[in-house]
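Structure record follows, encoded as structure tokens.
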Amino acid sequence: MVESCLSNVGVEKLSAAKEGTTTLSTKVYLKALPLRDLEAVNVIKREVESGSIIITRVIFLAERDINKIKGAVNESKKFTQLVGGDIAKRRGKNNHNSSLD
């Protein structure tokens, strides 16, 4: 599953490089960071800026304050777009009518 997600965003496995091609000298990291408080947004920004791919679960903060999570998600979206990144959203099986839209 992770490999298909990475290929969808244009990241190829470095170990599968074909003979005669060069590999990237910079490593791309895939990290899971929970959004437990608003300070985590700054950590996410630093990681995105460094080129990492971040998977974030927002349920921890959403359970406490839906308005804070909306602000944190919007701030993360704006920053990611500013640095040329992309945001993908996955709805859980119980979140068909999410109020975060």
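The values are calculated or read from the model by the stated rules, or taken from the named source; none is laboratory data. Since the structure is predicted, the reported quantities are computational estimates derived from the model, not experimental observations. Note that each Cβ is placed from the backbone with ideal geometry, even for glycine, and that neighbours are counted across all protein chains shown.
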Candidate set: segment 29-51, residues that are touching a strand residue (DSSP E or B) at 6+ places or on another chain (Cβ under 9 Å), crowded, with 16+ Cβ neighbours inside 10 Å and in contact (Cβ under 8 Å) with a residue 24 or more places away in the chain; chosen: the one nearest to Arg91 (Cα to Cα)
Leu35
Out of everything in segment 33-42 that is of a type outside the set (Gly, Ala, Ser) and part of a helix (DSSP H, G or I), what residue ends up being nearest to Ile87 (Cα to Cα)?
Val41
Which listed residue is among the basic types (Lys, Arg) and modelled with pLDDT of 85 or more, from Arg64, Arg91
Arg64
Tally the residues that are assigned to a strand (DSSP E or B) and over 30 Å from Thr26 (Cβ atoms), restricting the search to segment 43-73.
0
